[in-house]
Amino acid sequence: MSRIGKRPVELPGGVSASVSGQTIEVKGPKGTRAFTATDDVTIAVEDNAVSVQPRGKSKRALQQWGMSRTMVQNLVTGVTEGFKKELEIQGVGYRAQMQGNVLKLNLGYSHDVDFTVPQGITVTTPKQTEIVVEGIDQQEVGQVAANIRAWRGPEPYKGKGIRYKGEYIFRKEGKKK
């Protein structure tokens, strides 16, 4: 039995949900999101809450039960609060700045890296060494943050590069004479 799937997803004020077939659409103050569940689960909206139930006792149905409930919870969280990933840049001369819809990164290469921000995602740079990625789609926010980090991942000797805020980088000792 899924412990996560048993609990219904509460809809806060200002959020509405509608189900048509296997697709649930959630509207909130930040936008609209939709999710199509597999045929292994049933989604129902009742009393200002969304409940997910498995169809049958098969292994796949029980797996999809908890996952579908979590996806619905992420839809509700996205349209109310949104998702945020924070990145920090470490290294001498490494910096970032927004110019319109393009994130300009100076990462020690012979050229600047221009990262075009996809639609639906907001990228801000409060400081030259901080990048904040925000949006209503958790997967897309994480993917954009990972794409930015991939330009210069943190290296283990000096720790230079782009890292997630609070990320621990395992440090190695350099060569000894």
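The values are calculated or read from the model by the stated rules, or taken from the named source; none is laboratory data. These numbers were taken from a predicted model, which means no experiment stands behind them. Virtual Cβ from ideal backbone geometry, glycine too; neighbours counted across all protein chains shown.
Specify the residue that is modelled with the lowest pLDDT; the eligible residues are those in segment 1-46 that are polar (S, T, N, Q) and either closer than 19 Å to residue 61 by Cα or in contact with a Gly (Cβ under 9 Å, 6 or more places away or on another chain) (or both). Please lay out each step first, then the result.
Step one: filter segment 1-46 for residues polar (S, T, N, Q), giving 2, 16, 18, 20, 22-23, 32, 36, 38, 42.
Now drop any that are not either closer than 19 Å to residue 61 by Cα or in contact with a Gly (Cβ under 9 Å, 6 or more places away or on another chain) (or both), which leaves 2, 16, 22-23, 36, 38, 42.
Details: 2: 70, 16: 92, 22: 92, 23: 94, 36: 95, 38: 92, 42: 93.
Selected residue: 2.
Check every one of the strands (runs of 3 or more DSSP E) wholly within segment 1-94 and list those with 3 or more residues that are free of Cβ contacts under 8 Å to residues at least 60 places away in the same chain and not assigned by TED's automatic domain parsing to the domain that holds residue 138.
16-20, 23-28, 31-36, 41-46, 49-54
Take segment 149-166 and flag every residue that is within 23 Å of residue 117 (Cα to Cα) and either of a type outside the set (Val, Ile, Thr) or modelled with pLDDT under 95 (or both).
Matches in segment 149-166: 149, 150, 151, 152, 153, 154, 161, 163, 164, 165.
Among the residues that make up segment 100-108, is at least one of them in contact (Cβ under 8 Å) with a residue 40 or more places away in the chain, surrounded by fewer than 18 Cβ atoms within 10 Å (Cβ to Cβ), farther than 24 Å from residue 140 by Cα and assigned by TED's automatic domain parsing to the domain that holds residue 155?
Among the residues of segment 100-108, at least one is in contact (Cβ under 8 Å) with a residue 40 or more places away in the chain, surrounded by fewer than 18 Cβ atoms within 10 Å (Cβ to Cβ), farther than 24 Å from residue 140 by Cα and assigned by TED's automatic domain parsing to the domain that holds residue 155, which makes the answer yes.
If I ask for residues that are over 26 Å from residue 27 (Cα atoms) and of a type in the set (Gly, Ala, Ser), which ones from segment 37-66 would you list?
56, 58, 61
Would you confirm, using the coordinates I've provided, whether residue 148 is outside the structural domain of residue 27 (by TED's automatic domain parsing), among the hydrophobic types (A, V, I, L, M, F, W, C), closer than 18 Å to residue 30 by Cα and in contact (Cβ under 8 Å) with a residue 60 or more places away in the chain?
no
What single numbered condition from (1) modelled with pLDDT of 95 or more; (2) surrounded by fewer than 20 Cβ atoms within 10 Å (Cβ to Cβ); (3) over 12 Å from the mean Cα position of the chain (by Cα) fails to hold for residue 123?
In the conditions (1) modelled with pLDDT of 95 or more; (2) surrounded by fewer than 20 Cβ atoms within 10 Å (Cβ to Cβ); (3) over 12 Å from the mean Cα position of the chain (by Cα), residue 123 misses (2) alone.
Listed here are the residues, each with its yes/no results for (1) within 20 Å of residue 33 (Cβ to Cβ); (2) touching a strand residue (DSSP E or B) at 6+ places or on another chain (Cβ under 6 Å); (3) not aliphatic (A, V, I, L, M).
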{"residue": "85", "(1), (2), (3)": "yes, yes, yes"}
{"residue": "90", "(1), (2), (3)": "no, no, yes"}
{"residue": "118", "(1), (2), (3)": "yes, no, yes"}
{"residue": "171", "(1), (2), (3)": "no, no, yes"}
